[in-house]
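All of the numbers you see were taken from the coordinates with simple rules; none came from a lab. Being a predicted model, the structure only gives us computed values, none of them experimental. As a convention, Cβ positions derive from the backbone with ideal geometry for all residues, glycine included, and neighbour counts pool all protein chains shown.
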Amino acid sequence: MLERWIPISARLPEAGQRVIVCRKDGRVEQGVYLGVNGWWKVYGTNTKSVTHRMPMPAPPEEVHE
């Protein structure tokens, strides 16, 4: 199933949930919504520049080496 970007203005994730985020400058990274006044933690930095998010993909069912 193809995941779609969800605008932050439409719906926020639960506090503490890891998601893929897109910042105002177009960077796509992993982030966590802190649940307080629009703050996010992205790569150890607190920011309010997140515009969209989507769920993290499921890990592979099997790892073949």
Cα lying deepest toward the dipole's positive end in the chain, options N37, M54, G26, charges on Cβ = N37
With contacts defined as alpha carbon pairs under 8 Å and 6 or more residues apart, what's the relative contact order of the chain in percent?
-> 35
Within the P(r) computed for the chain, what percentage of the Cα pairs occupies the region above 18 Å?
-> 33
